[in-house]
Amino acid sequence: MPLDAPTLEISGLDAGYGTVPVLHDVAITVERGSVVTLIGANGAGKSTLIKVIGGLIQSTAGSVSFNGADCTRSRPDQMVRAGLGIVPEGRRLFGEMTLRENLELGAYARTDRQQVAKDFDRVLELFPELRDRLSTHAKSFSGGQQQMVAIARALMGAPKLLLLDEPTIGLAPVVVDRVAALIQEISEFGVDILLIEQNAEVALTIADFGYVLENGRVVMADNAKALLVNPEVRLAYLGV
Ligand SMILES: Nc1ncnc2c1ncn2[C@@H]1O[C@H](COP(=O)(O)OP(=O)(O)O)[C@@H](O)[C@H]1O
Ligand SMILES: [Mg+2]
């Protein structure tokens, strides 16, 4: 693989459901070592983009390249093995399973069992609020803790790139801040991040680069700090 290739490079992407188009000519790049955010209103097509990247739905035009390799037609399991981690919308934990079982499931595609055991300890170090609750059923955790379990589970796959679909939705402000700090910490560990958010304030504060998606099209692309002070973004997404 070319070492200088971006972690993720999407260009000219069209996708939708059956005959209903949702994404139009989408181009997004996640450079190595970066946190990139895609902000957009409800229904803009954010989760659809995650499904295309993850191989859950097929694009009708354009290309997706991951770590320099074309993966436009890759299946979900191939994407996971290639180093893609997804924290889906709504977390989708296995509520009847314990925290330990959820984390073990996160490593299902891996064969490096010794490294998995090390990562188990390392991931738990990131989440002091979970560490002593390995036998607790996922459904018994608070909303914020469940989001952390979902992130921890994705990290157990040892991803190179983590896609997070609205991780702060429905969380209290103090928990939002905790999740934001975690995302930065994870990025410092060498995991690149594509953060999908409706909460533009938080997303643009922690990201390096940002894209704005409207009606399935990328309408703005700029440094996150520039978007944060952009009057159009402030009016449409920050309510000021
Ligand atoms: N499974 C589906 N089948 C048909 N249409 C869908 C499906 N999922 C989402 N859509 C439609 O695609 C559009 C984009 O949805 P989505 O990607 O979930 O937006 P966002 O995540 O930005 O809120 C919406 O109009 C939605 O109704
Ligand atoms: Mg969504």
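What to note about this one:
- Within the stretch 61-100, considering residues that are within 14 Å of ligand 1 (Cβ to nearest atom) and assigned to a loop (DSSP other than H, G, I, E, B), the one farthest from ILE10 (Cα to Cα): GLY90
- Filter result (surrounded by fewer than 21 Cβ atoms within 10 Å (Cβ to Cβ) and under 20 Å from VAL87 (Cβ atoms)) within the stretch 1-37: GLY33, SER34
- Residue within the stretch 165-186 that is in contact with a helix residue (DSSP H, G or I) (Cβ under 9 Å, 6 or more places away or on another chain), of a type in the set (Gly, Ala, Ser), part of a loop (DSSP other than H, G, I, E, B) and surrounded by 22 or more Cβ atoms within 10 Å (Cβ to Cβ) present: no
- Boolean, ALA203 is among the aliphatic types (A, V, I, L, M), in contact with an Asp or Glu (Cβ under 6 Å, 6 or more places away or on another chain) and in the same structural domain as LEU49 (by TED's automatic domain parsing): yes
- Only one entry of VAL36, VAL52 meets the criterion of being outside any loop (DSSP other than H, G, I, E, B) and within 19 Å of ILE186 (Cα to Cα), and that entry is VAL36.
- Cross-chain or 6+ apart pairs with Cβ under 6 Å, the stretch 38-56 first and within 23 Å of THR205 (Cβ to Cβ) and open to solvent by 10 Å² or more (accessible area, probe 1.4 Å), then within 9 Å of ligand 1 (Cβ to nearest atom) and assigned to a helix (DSSP H, G or I): none
- Conditions (1) open to solvent by 10 Å² or more (accessible area, probe 1.4 Å); (2) within 16 Å of ligand 2 (Cβ to nearest atom); number of the one not met by LEU213: (1)
- When ALA15 is tested against (1) within 16 Å of ligand 1 (Cβ to nearest atom); (2) among the small types (Gly, Ala, Ser); (3) within 16 Å of the chain's Cα centre (by Cα), exactly one condition is not met: (3).
- Single residue of the stretch 216-240 satisfying the filter (open to solvent by 70 Å² or more (accessible area, probe 1.4 Å) and of a type in the set (D, E, K, R)) that is nearest to ILE196 (Cα to Cα): ARG217
- Flag if SER74 is open to solvent by less than 50 Å² (accessible area, probe 1.4 Å) and free of Cβ contacts under 8 Å to residues at least 24 places away in the same chain: yes
- Options VAL191, VAL202, VAL175; residue that is within 21 Å of ARG91 (Cα to Cα) and touching a Pro at 6+ places or on another chain (Cβ under 8 Å): VAL191
The values are calculated or read from the model by the stated rules, or taken from the named source; none is laboratory data. All figures in this text were calculated on a predicted structure; none of them were measured in a lab. In this analysis, Cβ positions are derived from the backbone assuming ideal geometry, glycine residues included, and neighbour counts consider all displayed protein chains. These area figures cover heavy atoms from the full protein model, side chains too; ligands, DNA and RNA do not enter into them. Shrake-Rupley method; radii C 1.70, N 1.55, O 1.52, S 1.80 Å.
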